[in-house]
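Each remark here refers to the structure printed beneath this line.
The values are calculated or read from the model by the stated rules, or taken from the named source; none is laboratory data. From a predicted model like this one, the values you see are computed outputs, not experimental measurements. Cβ placement follows ideal geometry from the backbone for every residue including glycine, while neighbour counts extend to all protein chains displayed.
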Amino acid sequence: MANPAFWNGKRVLVTGHTGFKGSWLSLWLLNMGAKVTGLALEPPTDPSLFALAGLERRMDSRIGDIRDPAAVDAAVRAAEPEILIHMAAQPLVRLSYDEPVETFATNVMGTVHVLEAARRCPSLRACVVVTTDKCYENREWPWPYRETEPMGGYDPYSASKGCAELVTSAWRRSFFGKPEAAAIASARAGNVIGGGDWALDRLVPDCMRALMAGRAIPVRNPHAIRPWQHVLEPLGGYLLLAERLWGNPADHADAWNFGPSDDDARPVSWIVSHVVGRWGDGAAWELIGGDHPHEATYLRVDSSKARMQLGWEPRLGLADCLDWTVDWFRRYHAGENVERVTLDQIERYEQMDGKKP
Ligand SMILES: NC(=O)c1ccc[n+]([C@@H]2O[C@H](COP(=O)([O-])OP(=O)(O)OC[C@H]3O[C@@H](n4cnc5c(N)ncnc54)[C@H](O)[C@@H]3O)[C@@H](O)[C@H]2O)c1
């Protein structure tokens, strides 16, 4: 679990802070007393957790494009970060089919620009580059992927994240080898869910939009099985990894999987039925037909390394993740203060101390 005493007073640069994961991470860091700077485009959705939680007022928020090396350089120079967590990306598989060039420009060259600026930043000691479990060459086999397995990717998004991994590894070996250099690691997590995600074409946001509007939930691939985890699980992993990079860089500057436990890989139909049950009020779901682009059907990562060497472990079972998410949206829908709702869940998570509820 992240150690608040470690983060208190640390200068942290978060790229992608206006997005779903970035907003949760920024709130968590601020709550622990970190001095947080963010670099990202405007929030990718409206509404957004970033706007609703008032993050613009609480942190040094810089709107800029990581495809522009000068914008990245300026943000890094202004923030003088001790720790950098790079999450800015075009993160949607389906959009990557429509906008492959933009996806590669942001996810690959954007990562190059961030690592180049990091290389010139003397204050920096630890950097976590966030990619995804989809960075692996998916062989559609039943075994979970380990960190040593080859990068790949069928669709442009997955391939761009595989490339971002290769970039990170090349920069680490070529430029960050000296003892005085910052320690660089990459983190590969699965599909996340949680309050405040309004992204298009993602199952749980689709569910919440439909439920709040009183409509049936549209479902495309009811039998697709994916690893699901609450947003706080990988974020907790990124924080723990950054702490270890700081304390013992030689043993941690590497790639790390942060996946859910095997019991939490469930078909979409199970997820939707659970959400419908938790929401109540006569909620329902319906199957949507049509031609859908190729999406990998099964992909699990093996997180033994994070468990054994970082002491990281998922804390929330899938049913709890869904319940926390539905509860978040219910409280938002009822007009509660979004920052408070989000911090309640962060604090509850912190208090769990490795025990599933
Ligand atoms: N959400 C998931 O299920 C999931 C799973 C695995 C990995 N990830 C990874 O986690 C990270 C965050 O994902 P998210 O779900 O919060 O996505 P999001 O779309 O909610 O946020 C993306 C962030 O990146 C910023 N961004 C996009 N293009 C940019 C550019 N050219 N320049 C500067 N900023 C730019 C956006 O403004 C936003 O702040 C991404 O790297 C994503 O690939 C997400």
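Looking at Ala2, is it more than 26 Å from Arg173 (Cβ to Cβ), part of a loop (DSSP other than H, G, I, E, B) and away from the ligand (no atom under 13 Å from the Cβ)? Considered against the rule, which asks whether it is more than 26 Å from Arg173 (Cβ to Cβ), part of a loop (DSSP other than H, G, I, E, B) and away from the ligand (no atom under 13 Å from the Cβ), Ala2 comes out as yes. The test for being within 13 Å of the ligand (Cβ to nearest atom) and surrounded by fewer than 19 Cβ atoms within 10 Å (Cβ to Cβ) holds for Arg94.
For Arg244, state whether it is part of a loop (DSSP other than H, G, I, E, B), in contact (Cβ under 8 Å) with a residue 24 or more places away in the chain, surrounded by 19 or more Cβ atoms within 10 Å (Cβ to Cβ) and within 20 Å of the chain's Cα centre (by Cα).
Values: part of a loop (DSSP other than H, G, I, E, B): no; in contact (Cβ under 8 Å) with a residue 24 or more places away in the chain: yes; surrounded by 19 or more Cβ atoms within 10 Å (Cβ to Cβ): yes; within 20 Å of the chain's Cα centre (by Cα): yes.
No, not satisfied.
Taking first residues from region 44-55 that are more than 16 Å from Gly194 (Cβ to Cβ) and at pLDDT 95 or above and partners that are of a type in the set (S, T, N, Q) and assigned to a loop (DSSP other than H, G, I, E, B), the Cβ contacts under 9 Å between residues at least 6 apart in sequence or on separate chains come to Ala51/Thr18. Across region 201-214, the qualifying residues are those that are touching a helix residue (DSSP H, G or I) at 6+ places or on another chain (Cβ under 8 Å) and either within 13 Å of the ligand (Cβ to nearest atom) or assigned to a loop (DSSP other than H, G, I, E, B) (or both), and the one among them that is nearest to Leu287 (Cα to Cα) is Leu203.
Taking the options Val167, Val231, Val192, name whichever one is without any contact (Cβ under 8 Å) to a residue 60 or more places away in the chain, within 14 Å of the ligand (Cβ to nearest atom) and at negative phi. Outline the logic, then answer.
Details: Val231 fails: without any contact (Cβ under 8 Å) to a residue 60 or more places away in the chain; Val192 fails: without any contact (Cβ under 8 Å) to a residue 60 or more places away in the chain.
Just a single option satisfies the conditions, and that option is Val167.
When region 122-140 is filtered for residues that are more than 16 Å from the ligand (Cβ to nearest atom) and buried (at least 24 other Cβ atoms within 10 Å of the Cβ), the ones remaining, listed by number, are Leu124, Ala126. Per the conditions (1) more than 12 Å from the ligand (Cβ to nearest atom); (2) buried (at least 16 other Cβ atoms within 10 Å of the Cβ); (3) not charged (D, E, K, R), the sole criterion not satisfied by Ala105 is (1).
Per the listing Ser48, Ser26, the residue uniquely hydroxyl-bearing (Ser, Thr, Tyr), farther than 25 Å from Pro122 by Cβ and within 13 Å of the ligand (Cβ to nearest atom) is Ser48. Of the residues making up region 222-241, those that are farther than 18 Å from Lys134 by Cα and either of a type in the set (Lys, Arg) or buried (at least 16 other Cβ atoms within 10 Å of the Cβ) (or both) number 5. Selection over region 75-91 of residues that are part of a helix (DSSP H, G or I) and surrounded by 22 or more Cβ atoms within 10 Å (Cβ to Cβ) gives a count of 3. Got at least one residue in region 336-354 being at pLDDT 90 or above and among the hydroxyl-bearing types (Ser, Thr, Tyr)? Within region 336-354, one or more residues are at pLDDT 90 or above and among the hydroxyl-bearing types (Ser, Thr, Tyr). Of all the numbered requirements in (1) outside any helix (DSSP H, G or I); (2) closer than 15 Å to Gln90 by Cβ; (3) at pLDDT 95 or above, Val114 misses one, and that requirement is (1). Scan region 60-74 and give yes if some residue there is within 12 Å of the ligand (Cβ to nearest atom), closer than 20 Å to Tyr154 by Cβ, assigned to a helix (DSSP H, G or I) and touching an Asp or Glu at 6+ places or on another chain (Cβ under 6 Å), otherwise no. No, region 60-74 contains no residue that is within 12 Å of the ligand (Cβ to nearest atom), closer than 20 Å to Tyr154 by Cβ, assigned to a helix (DSSP H, G or I) and touching an Asp or Glu at 6+ places or on another chain (Cβ under 6 Å).
Mind telling me which of the residues Asp254, Asp197 ends up being in contact with a helix residue (DSSP H, G or I) (Cβ under 6 Å, 6 or more places away or on another chain) and of a type in the set (Asp, Glu)?
Working: Asp254 fails: in contact with a helix residue (DSSP H, G or I) (Cβ under 6 Å, 6 or more places away or on another chain).
None of the others qualify; the one that does is Asp197.
If you scan region 9-45, which residues turn out to be of a type in the set (Gly, Ala, Ser) and under 24 Å from Asn107 (Cα atoms)? It would help to see each step written out before you state the result.
First, pick out the residues of region 9-45 that are of a type in the set (Gly, Ala, Ser): 9, 16, 19, 22-23, 26, 33-34, 38, 40.
Result: Gly16, Gly19, Gly22, Ser23, Ser26, Gly38, Ala40.
Total residues in region 141-180 satisfying the condition of being surrounded by 18 or more Cβ atoms within 10 Å (Cβ to Cβ) and in a loop (DSSP other than H, G, I, E, B): the figure is 5. Looking only at region 245-283, residues that are farther than 21 Å from Trp228 by Cα, of a type in the set (Gly, Ala, Ser) and at pLDDT below 90 come to 3 in all.
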